[in-house]
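Working notes for the structure below.
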Amino acid sequence: MKNRNVDLVNGNIDSSLREYALPLALSFIIHMVYSWVDLFFVSRLGASAVAALGISERIWFFTFAIGSGFAIGTSIIVARRVGEGNFDKAGETSVQGLLYMFSFGILLAILLFVNLDPILNLLGISGEVKVLSKRYFEALFWGIPFNFLIFQINALIRASGNTFYPMLILITANVLNFIFTPLLVFGIGPFPRLEIYGAGIGTSIAQIFSSIIALGVLHYKFERIELKLKYFRLRFDIFKRITKLGMPASLQLIAVSITSMGLAANANIFGTEILSTYIIGLKIDLFVSMVIFAMGASLEVITGQNIGAGKPERVYLYHISAIKQLTVLLGILGVLIFFFGKYIGYIFISDESIILELDKYLKFAAFSYIPFSIGIASIRVISGAGDYFRSLLIVTLALICVQLPAAYVISILTNNQMGIWFSMVMAIIFFAIIGFREVKKGKWLGKNV
């Protein structure tokens, strides 16, 4: 089978973007389905279990933010080296990134295990939801280091210009999760009935096996990224460069995580039903957003390779092409979600009061898709050039400084959860405006990575 690398430096702008982004979009959707598997089976255990899963996944997203952030940092460097044609340095950076990520994953898992109870208290989670949240997340700890490896390997393969194999790796992980989760949740056959704890164990098992498969794919299929034995020695100068890019990348995603957890805590003020509404609504919302994230991740690699090849003018063309293509697609998806999105909710829950509130949430969310795509496309161009501090500032300003306080103040003053949904849309529009303006200013060009 061919490596299916896409020529992002010389190829046609529109078609090469679609060719590269499509498998990546499918990969991101598969990753979202990965978490839907747990929600699908756990929802059969009741509303408290759904809320607990949602809270645990907000914390899980925190680990995802750190892991994928450092993976992004490594991939930006590798993409630049690939664009320059320096494959030896690309391979060396890749190996150092793998060593870094696995070690860091072990450390983070230990830290979260020790501090899980205080984190749940900080979020205002108590009672049955807190007990179930702890059970689920305690099972997820085992998979964190291996999930970090998957983040890193998939990012490295994408940096070389290939999005097909990362898609296959995630399909494998999803299939394994779908097999093990129901067996352990409901105690089918010789397996014990572990309920929500079993959902976490099933996910961890899938991550461990998938990381081993991913390592094999990277080693045997990609000549641009060779895992040579001589590279397996600590290079702190490379760690420093990865950290320099990875830290702000992680902080950017952590800002998203903090916002999501803050909005969940805000929703919890209005009761478990509203919290469950937000959790399920976010699942549906993020399913649509996977296309946006895929395009953004594509632009990151495209920017790195084209700057490395000395063709920065192509970056601007890709940016506009991404916005045009996303606007058409998300306009259609937005209409479908506005009118029919609530019916997806029946996959997870049958409570009509939650479905009614979900319909209100999605009618607001549908108006945020296009501006969100503009914002993401813009900050990913900036970060792909290595200017992650600029993109971090944009995200922090829009989410932490605008969305979170606005959601709390408006919802409390009106004594209505609709204030949360309204503030989300307004903050995303603000995010789109400042992101697009910063790309046009061009101050992100010329960053050394």
### Query
Yes or no: Ser368 within 30 Å of Ile77 (Cβ to Cβ), touching a residue at least 40 places away in the same chain (Cβ under 8 Å) and either of a type outside the set (Val, Ile, Thr) or surrounded by fewer than 21 Cβ atoms within 10 Å (Cβ to Cβ) (or both)?
no
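Hey, does the range 343-357 have a residue that's among the aliphatic types (A, V, I, L, M), closer than 30 Å to Glu84 by Cα, in contact (Cβ under 8 Å) with a residue 40 or more places away in the chain and outside any helix (DSSP H, G or I)?
As a first pass, look at the range 343-357 and keep what is among the aliphatic types (A, V, I, L, M): 344, 347, 349, 354-356.
Cutting the leftovers down to closer than 30 Å to Glu84 by Cα gives us none.
Checking the range 343-357: not a single residue is among the aliphatic types (A, V, I, L, M), closer than 30 Å to Glu84 by Cα, in contact (Cβ under 8 Å) with a residue 40 or more places away in the chain and outside any helix (DSSP H, G or I).
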## Note on the structure
In the range 329-355, anything farther than 14 Å from Ile279 by Cα and aliphatic (A, V, I, L, M) is listed as Leu329, Leu330, Ile332, Leu333, Val335, Leu336, Ile337
## Note on the structure
Checked pairs for the range 378-407, first closer than 26 Å to Arg81 by Cβ, second modelled with pLDDT under 95 and aromatic (Phe, Trp, Tyr), C-beta under 6 Å and 6 or more apart or across chains, list as Ile382/Trp444; Ala385/Trp444; Asp387/Trp444; Arg390/Trp444
### Message
Consider the range 29-48. How many of its residues are hydrophobic (A, V, I, L, M, F, W, C), surrounded by fewer than 24 Cβ atoms within 10 Å (Cβ to Cβ) and touching a Ser or Thr at 6+ places or on another chain (Cβ under 9 Å)?
### Response
5
### Query
Of the residues in the range 61-93, how many are out of contact with any Ser or Thr (no Cβ under 7 Å at 6 or more places or on another chain) and hydroxyl-bearing (Ser, Thr, Tyr)?
3
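Table: residues versus (1) in contact (Cβ under 8 Å) with a residue 40 or more places away in the chain; (2) crowded, with 21+ Cβ neighbours inside 10 Å; (3) within 18 Å of Leu218 (Cα to Cα); (4) out of contact with any strand residue (DSSP E or B) (no Cβ under 6 Å at 6 or more places or on another chain).
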site	(1), (2), (3), (4)
Glu84	yes, no, no, yes
Lys89	no, no, yes, yes
Glu92	yes, yes, yes, yes
Leu98	yes, yes, yes, yes
Met101	yes, yes, yes, yes
Phe104	yes, no, no, yes
Leu108	yes, no, no, yes
Leu122	no, no, no, yes
### Query
Is one or more of the residues making up the range 234-253 under 30 Å from Asp351 (Cα atoms) and of a type in the set (Phe, Trp, Tyr)?
no
### Task
Please indicate, with yes or no, whether at least one residue in the range 273-283 is assigned to a helix (DSSP H, G or I), among the small types (Gly, Ala, Ser) and over 30 Å from Asn415 (Cβ atoms).
no
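The values are calculated or read from the model by the stated rules, or taken from the named source; none is laboratory data. Treat the numbers as computed from the prediction; the structure is a model and nothing was measured. So basically every Cβ, Gly included, is an ideal-geometry build from the backbone, and we count neighbours across all protein chains shown.
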